[in-house]
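Report on one structure; see the data block that follows.
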Amino acid sequence: MVVRGAPAIAIAAALSLAVETSKLLSEEQGFTGTSKDAASFLINKLEYLVSSRPTAVNLADAATKLTEIVTNSAASATHANQVFQAYIEAAETMLEDDVASNKAIGSHGSSFIQNLKKDLNKLSVLTHCNTGSLATAGYGTALGVIRALHADGVLDRAYCTETRPFYQGSRLTAYELVHEKIPATLIADSAAAALMKTGRLHAVIVGADRVAANGDTANKIGTYSLALSAKHHGVLFYVAAPLISVDLSLASGDEIVIEERSAKELLNTHGGLGEQVAASGISVWNPAFDVTPANLISGIITDKGVITKTGNEFDIKGFAHKTGSSN
Ligand code: MRU
């Protein structure tokens with residue numbers, strides 16, 4: 001949990017291997033193998049990195065793309081260093097692409113929501129967990145939409161949940177909102193339904209770790225409860241994520257692997273960092289993510305535009321095809 005947030009984990013993994021690779025390039029002895037050995041060296045490291053984050057798609061997606069690049073490079077390279085150089089350039093491009101993609105998500109999301117809520121001068125939104133600059137290469141996904149709404153002068157207030165048990169909301173999102181001087185209020189996770197009941201909230205915007213082909217979305221634990229409450233109170237519920245977060249190989253969210261984390265996050269104070277407060281001997285279930293079914297989601301805000309429903313269903317495959325994003 002030193003690096004967290006699905007996109008930030010993918011970028012940190014790609015760049016940390018780029019640092020190791022550039023050290024090999026600069027050492028006199030360097031790497032003594034062939035270009036094919038260099039590709040195998042990188043691919044083995046990427047496979048190891050992917051195992052650290054089963055729920056999110058970003059790391060696996062980055063590893064697949066980087067594997068393809070080093071494999072292609074090794075096919076024509078005459079020296080291992082050429083493969084390493086190709087890897088470093090691709091990892092650096094990923095960093096730039098993530099920021100650009102987040103800015104596009106922000107802009108699409110803000111225009112779309114403003115268009116839906118034309119009758120309102122200003123609107124208030126709620127977000128969960130942390131999806132900002134501290135979870136991505138920069139700008140953020142769901143928090144990027146909030147930033148864009150604020151920049152467009154239409155945001156009345158952003159509410160953020162604490163996000164128990166690890167407090168990404170109070171530690172990170174609250175910090176980013178204060179830093180950006182965005183009018184913001186922190187609430188306990190359990191206060192969300194009461195806030196919706198007041199009628200002061202117009203939309204919930206959350207990030208995603210993985211979206212299945214039907215729109216079911218895995219995100220931080222507690223997202224599902226927020227979506228149920230939003231449905232009950234007639235509040236719009238949006239997922240904001242780059243289109244690469246959609247895993248078309250999974251028909252539904254039932255196939256998404258949910259990572260479980262240490263019992264200490266619940267037993268101890270400060271999300272596991274402080275002293276134990278729960279009774280010794282109690283058993284703990286601590287899934288880090290949950291899956292929100294597509295029927296509770298109003299739309300998916302991506303870097304290519306907003307995916308809305310045709311009838312009761314998302315046609316994500318069709319959207320990817322239409323926007324030229326399908327592989
Ligand atoms: O456990 P974390 O802090 O890594 O969880 C982060 C989230 O759940 C985010 O909402 C998700 O990764 C999307 S980040 C843009």
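The values are calculated or read from the model by the stated rules, or taken from the named source; none is laboratory data. Remember, predicted model here, so these are calculated numbers, not experimental data. Counting neighbours? That spans all protein chains shown, and the Cβs are built from the backbone with ideal geometry, glycine included.
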Exercise. Quick check: is even one residue across region 103-110 among the hydroxyl-bearing types (Ser, Thr, Tyr) and under 17 Å from ALA240 (Cα atoms)?
Worked result: yes
If we keep only residues of region 62-73 that are touching a residue at least 24 places away in the same chain (Cβ under 8 Å) and touching an Asp or Glu at 6+ places or on another chain (Cβ under 9 Å), then the residue farthest from THR136 (Cα to Cα) is THR67
Taking region 1-21 and keeping residues hydroxyl-bearing (Ser, Thr, Tyr) and either surrounded by 16 or more Cβ atoms within 10 Å (Cβ to Cβ) or within 16 Å of the ligand (Cβ to nearest atom) (or both) leaves THR21
Checked VAL284, VAL291 against criteria (β-branched (Val, Ile, Thr), closer than 21 Å to GLN168 by Cα and more than 16 Å from the ligand (Cβ to nearest atom)); the one match is VAL284
By residue number, the members of region 48-91 that are among the hydroxyl-bearing types (Ser, Thr, Tyr) and either assigned to a helix (DSSP H, G or I) or closer than 17 Å to ILE9 by Cβ (or both) are TYR48, SER51, SER52, THR55, THR64, THR67, THR71, SER73, SER76, TYR87
Within region 126-164, the count of residues that are surrounded by 24 or more Cβ atoms within 10 Å (Cβ to Cβ), more than 10 Å from the ligand (Cβ to nearest atom) and in contact (Cβ under 8 Å) with a residue 60 or more places away in the chain comes to 3
By my count, strands (runs of 3 or more DSSP E) wholly in region 228-323 with at least 2 residues that are modelled with pLDDT of 95 or more, in contact with an Asp or Glu (Cβ under 7 Å, 6 or more places away or on another chain) and farther than 25 Å from LEU123 by Cβ are 289-292
The residue that is farthest from HIS128 (Cα to Cα), considering only those in region 256-293 that are surrounded by 17 or more Cβ atoms within 10 Å (Cβ to Cβ) and among the aliphatic types (A, V, I, L, M), is LEU267
